[in-house]
Every structure is written in C-alpha cells, then in structure tokens.
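Below is one structure, written out as structure tokens; the observations come after it.
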Amino acid sequence: MGKLDNLGAIVTGAAEGIGEAIALELASNGAKVACIDFNEESGSDTAKKIIDSGGEAVFIKTDISDPDQVKKMVDGSVEYLGSIDILVNNAAKFTFGAVEDVSQEEWEDILKVNVIGYSTCVKESLPYLKKSGKSAVVNLASVSSIIAGPKFVPYNTSKGAVLMLTRSLAVDLAEYGIRVNAVCPGSIHTSATYKHIAHMGTDVEKTLKEFQEGSLLKRQGKPEEVAKAVLFLASNEDSSFITGENIIVDGGLIYT
Ligand SMILES: NC(=O)c1ccc[n+]([C@@H]2O[C@H](COP(=O)([O-])OP(=O)(O)OC[C@H]3O[C@@H](n4cnc5c(N)ncnc54)[C@H](O)[C@@H]3O)[C@@H](O)[C@H]2O)c1
C-alpha cells in the first residue's frame, strides 16, 4: 500500500530535473500521475519510466503560460486520473539579469510562467481539488524567494511571488479542505544549474565547486531530495495540519 494510493496528481515541468523526480516519487507512492511539460520527448519519457516501473502515468503536452492549453490539460488529466487530489506547480522559466538588462517581453514571459501559470493551474483544477477532500497544492518556490542573489531580478521576483501566492491560496482555499504549501530548494543539480552558469559566463567546474561550497553540507542537492519534501506536503497522511507553509531544502545554504 502506498500513501498516495487511489489519488490523482498533476506535476508540471515533469520532463526533467526536479519535476521528473517529483513525478517518479509520487507515482512510486501509489499516485496516478499526469506529467505536464511543453517538452514532448522528455515529458513522454518520464511517463514511460513510471509505467515501466509498474506505476500509472500519462504525458500531456502543455505550455502552462497559455490558459487555453491549461484548461485542456486539466480536462485531459481528469479524464485519465479520475480525480485531481494533488497539484504540483513546478515548471519554471529562468530569466536572470540586473534590472537594466531585462526587456519588457522577458518580464512578461517569466511572470506568465512562474506566477500566472501557477495560478491558472490552480484555478482550472479547483473544481476537482474541492471535490477531493484530501487535496494538496505544492508550489516550487526557491531560496531565491527569500534571499536576493545578485543580478537575478526577474527570477527572484517571480519566486518571491510564488511564496505569497502560496500563502494567499492557503488562506482562501482552507474552507474547501485544500492545503497549499511551498518547497524552497537551494542549489540543486539540474539543467537549471548550467543555465545559471551560462548566464554568469564563468568556468563551469569552478562555479560548480562554488555552488557546492555554498551550502553547510558542501554539495548541491539532488532532485530526489526535493521530491521527498514535496511528497511529505502532498500526503494528507503526513502533513494534514500544515498549510501556508514552506519547507527549505537547501543543505543549510541560507545559514552560510
Ligand atoms: N535547480 C535548482 O537549483 C532550483 C533551485 C530553486 C528552485 N528551483 C525550482 O524548482 C523547479 C524545477 O527546477 P529544475 O531545476 O528542475 O528546472 P529544469 O529547467 O531542469 O526543469 C524545468 C522543467 O519545466 C519545463 N517548463 C518550463 N517552462 C514551461 C512551460 N511554460 N510549460 C510547461 N513546462 C515548462 C521545462 O521544459 C523543464 O522540463 C522550478 O520551479 C525552479 O524554479 C530549482
């Protein structure tokens, strides 16, 4: 018996990195998973990995910044899952830079994915989350929601908004028994690590070492370590009295 048996879960950004690890973790605990991403090839691979290991999953190609696609994604998810009990908002755009570096279009693009996209996924899933009685929303925020790293203005701002979106939704949705929480990863080894280094224009090996030294535990985290915290917040068995909260998974980065 898994702690998420008979529950339906949507995971956005499930094609790779932290989202892929979350989809696999929820499925290995019994959830049926709708793997959502705009990357069709890798997103289908995630669903296939789940099915090959005996779980249940479907891939639905979706750009979460497009409300029409999100609506269709929710319809398709309900058709496959039967219910939506868990929504994990994880997909994200990484736009870095100082305020003078960022165009209007880049600002609009990042907010459409990282903030409005998360809200749209909740809005469209809401009728089903209300029905569940055991439902949980988990939003991927970041240590960048709390600490303003240099020349990271759009990303930091979007992740700060995710924390307040989480608290605001927790307040409004509690009456329906919907818990809403966030996970704030620190430096986790994914393709985003390399997007960050490319933006910095620094030596890859040297910067990776700096990222490792940047936590108390002297290493980057693994996507699977973030997925465990998401599982905890998604599971009504484990976190039934927790809402509006955030768990920091950063190896102690914020204390360095
Ligand atoms: N990696 C880190 O160090 C780190 C640290 C803090 C927070 N986070 C957060 O964790 C989450 C996952 O990060 P990651 O490192 O796995 O990133 P990643 O780039 O490896 O994966 C992100 C996934 O989201 C998908 N995606 C992006 N925009 C999309 C859209 N509009 N519609 C659908 N899918 C879309 C991508 O195709 C990709 O599969 C993000 O919310 C990120 O902000 C990551």
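The values are calculated or read from the model by the stated rules, or taken from the named source; none is laboratory data. Predicted model only: the values in this text are computed from it and were never measured. Virtual Cβ from ideal backbone geometry, glycine too; neighbours counted across all protein chains shown. Side chains included, ligands, DNA and RNA excluded: accessible areas come from the protein's heavy atoms. Shrake-Rupley method; radii C 1.70, N 1.55, O 1.52, S 1.80 Å.
Heavy-atom accessible surface of the chain, averaged per residue, reaches 47 Å², computed with a 1.4 Å probe.
Taking the Cα centre of the chain as origin and assigning +1 to Lys and Arg Cβ atoms and -1 to Asp and Glu Cβ atoms, the resulting dipole is close to 560 debye.
Which of rounded, prolate, oblate describes the stretch 1-54, given a ≥ b ≥ c as roots of the alpha-carbon gyration tensor eigenvalues and a/c under 1.5 marking rounded, otherwise prolate only if a/b is larger than b/c? In terms of gyration-tensor shape, prolate.
What relative contact order, as a whole-number percentage, does the chain give when Cα pairs under 8 Å and 6 or more residues apart are counted?
19 percent
With the cut-off at under 20 Å, measuring from each backbone N in the stretch 216-243 to a point 7 Å along the Cα-to-Cβ line of Asn39 picks out 220-228. Over what distance in Å are the Cα centres of the stretch 10-70 and the stretch 85-153 separated? Distance between centres, Cα-based: 17 Å.
Compute the relative contact order of the stretch 108-208 as a whole-number percentage, counting only Cα pairs closer than 8 Å that sit 6 or more residues apart in sequence.
30 percent
Relative to the longest principal axis of the Cα atoms of the chain, helix 191-200 runs at roughly 30 degrees. Normalised size of the stretch 162-205, defined as Cα radius of gyration per 2.2 N^0.38 Å with N residues, equals 1.82. Axis angle, to the nearest 10 degrees, between helix 40-52 and the longest C-alpha principal axis of the chain: 50 degrees. Each Lys or Arg adds one and each Asp or Glu subtracts one; over the other residues with Cβ under 13 Å from the Cβ of Ser235, this totals -1. Along the Cα-to-C-beta direction of Lys130, a point sits 7 Å from the Cα; which residues of the stretch 219-256 have their amide N less than 14 Å from that point? The answer is none. Could you look at the stretch 33-89 and say what percent of its accessible area is carbon and sulfur, using a 1.4 Å probe and all protein chains? Of the solvent-accessible surface of the stretch 33-89, carbon and sulfur hold 47 percent. Here the stretch 1-143 is assigned +1 on the Cβ of each Lys and Arg and -1 on the Cβ of each Asp and Glu. Its dipole about the Cα centre then comes out at about 840 debye. For the stretch 185-212 and the stretch 214-253, what is the centre-to-centre distance using only Cα atoms, to the nearest Å? First find each Cα centre; the distance between them is then 20 Å. Axis of helix 204-213 versus longest Cα principal axis of the chain: the two differ by about 70°, to the nearest ten degrees.
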